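Beneath this line is the structure, given in structure tokens, with notes to follow.
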Amino acid sequence: MKIRCWGSRGSIPVSGRDHVKFGGDSTCLEITGQDGRIIVIDAGTGIRRLGNKAMAEGCTEFDLIFTHAHWDHLLGFPFFKPLYFKKTRISIHGSIHAQETVRQIIERTMEAPYFPVDLDGVSADIIFNDLSGVPIQIGGIDVDAILLSHPNGGFGYRLTEDDKVFVFLTDNELEFEHPEGKSYVDYLEFSRGADLLIHDAEYTDKEYETRTRGWGHSRYRKALQLAMEAGVKQFGLFHHNQDRSDDEIDAIVADCHEIIARTGSKMICYAVAQDQEIVIR
């Protein structure tokens with residue numbers, strides 16, 4: 001299983017000299033299974049560059065899953081170039097929990113006066129699979145889900161191919177249980193033994209305690225605790241705050257490394273960067 005990050009920034013895309021190393025595009029991941037089938041998670045601004053690459057390589061089939069309906073995870077969808085070619089086939093799986101159907105939500109990203117082409121005007125063949133729940137299977141990858149602790153709800157995912165496991169829990173608050181969200185223990189068990197866990201790690205302790213508790217995101221130290229207790233092999237910090245510079249993210253990673261060293265853990269830890277590729281073998 002190969003995971004490529006096309007965007008790891010949270011809330012809003014950013015650019016500039018302080019955001020070069022980790023990038024400024026918002027959430028989009030590309031997962032490629034052993035059979036070559038492509039699963040895309042979320043359509044933040046990173047999906048635009050993914051689409052350009054796919055067009056250059058002649059890719060025409062995609063499976064797309066959404067974590068939730070907040071704008072930073074949707075706003076790149078209308079700029080996904082394969083949408084505008086007849087040979088493209090996109091299967092969109094699942095539903096946004098406790099909200100409208102995926103189709104209705106996507107339609108809103110392309111309706112007037114906010115965008116000049118509506119969803120019915122695209123050329124691609126789009127299949128909507130509104131499912132009541134998971135697990136589901138996409139190619140050779142099993143996809144399980146857990147409700148996120150986040151305003152307006154959403155899903156985190158556990159992807160398994162053979163004995164390799166990738167868990168993705170962005171926009172998840174570990175110390176505040178939002179309506180229909182789960183407990184820390186639930187997320188711990190969901191992540192247990194994963195080869196790779198990528199988890200929301202947006203805030204520092206000070207930010208969280210003084211103003212951001214209840215906003216739907218986690219302290220990076222709490223996310224690190226989850227990863228170590230779950231016994232994952234690799235942990236990626238994700239959903240970097242829009243105001244966080246490369247140097248500040250490096251400092252967060254350094255703090256995580258110190259904590260890991262003190263515990264004697266062998267877990268690999270890094271901040272997920274735009275264009276980073278991770279292969280689970």
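Among the residues of segment 119-174, how many are more than 30 Å from K86 (Cβ to Cβ) and either of a type in the set (K, R) or not in a strand (DSSP E or B) (or both)? Total satisfying the criteria: 20. Restricted to segment 260-281, and to residues that are free of Cβ contacts under 8 Å to residues at least 40 places away in the same chain and either of a type in the set (V, I, T) or touching a Pro at 6+ places or on another chain (Cβ under 9 Å) (or both), which residue is surrounded by the most Cβ atoms within 10 Å (Cβ to Cβ)? My answer is I260. Here's a check for you: in segment 73-91, which residue that is over 14 Å from F115 (Cα atoms) and buried (at least 22 other Cβ atoms within 10 Å of the Cβ) is farthest from the chain's Cα centre (by Cα)? Among them, the one singled out is T88. Considering the conditions (1) crowded, with 16+ Cβ neighbours inside 10 Å; (2) without any contact (Cβ under 8 Å) to a residue 60 or more places away in the chain, H257 is excluded by exactly one of them, (1). Can you confirm whether G36 is part of a loop (DSSP other than H, G, I, E, B) and buried (at least 17 other Cβ atoms within 10 Å of the Cβ)? No. Whenever a residue of segment 214-240 is among the aromatic types (F, W, Y), its partners that are part of a helix (DSSP H, G or I), lying with C-beta atoms within less than 6 angstrom and at least six residues away or across chains, give the pairs Y220/I252; F235/A227.
Here A69 passes the criteria (1) modelled with pLDDT of 95 or more; (2) under 30 Å from R244 (Cβ atoms) except the one numbered (1). Residues of segment 182-194 that are surrounded by fewer than 23 Cβ atoms within 10 Å (Cβ to Cβ) and either part of a loop (DSSP other than H, G, I, E, B) or not charged (D, E, K, R) (or both): K182, S183, Y184, V185, L188, F190, R192, G193. Only one of the numbered conditions (1) crowded, with 23+ Cβ neighbours inside 10 Å; (2) of a type outside the set (F, W, Y); (3) over 23 Å from I136 (Cβ atoms); (4) out of contact with any Cys (no Cβ under 8 Å at 6 or more places or on another chain) is violated by H19, and that is (1). Of note, A43 satisfies the criterion of being touching a helix residue (DSSP H, G or I) at 6+ places or on another chain (Cβ under 6 Å) and at pLDDT 95 or above.
Among the criteria (1) in a loop (DSSP other than H, G, I, E, B); (2) free of Cβ contacts under 8 Å to residues at least 24 places away in the same chain, the one P179 does not fulfil is (2). If you go through segment 250-262 one residue at a time, do you hit one that is part of a loop (DSSP other than H, G, I, E, B) and either at pLDDT 95 or above or over 23 Å from C28 (Cβ atoms) (or both)? No, there is no match, as no residue in segment 250-262 is part of a loop (DSSP other than H, G, I, E, B) and either at pLDDT 95 or above or over 23 Å from C28 (Cβ atoms) (or both).
The values are calculated or read from the model by the stated rules, or taken from the named source; none is laboratory data. Everything numeric in this text was worked out from a predicted model, so none of it was measured. Cβ coordinates were reconstructed from backbone atoms using ideal geometry, including for glycine residues, and neighbour counts include every protein chain displayed.
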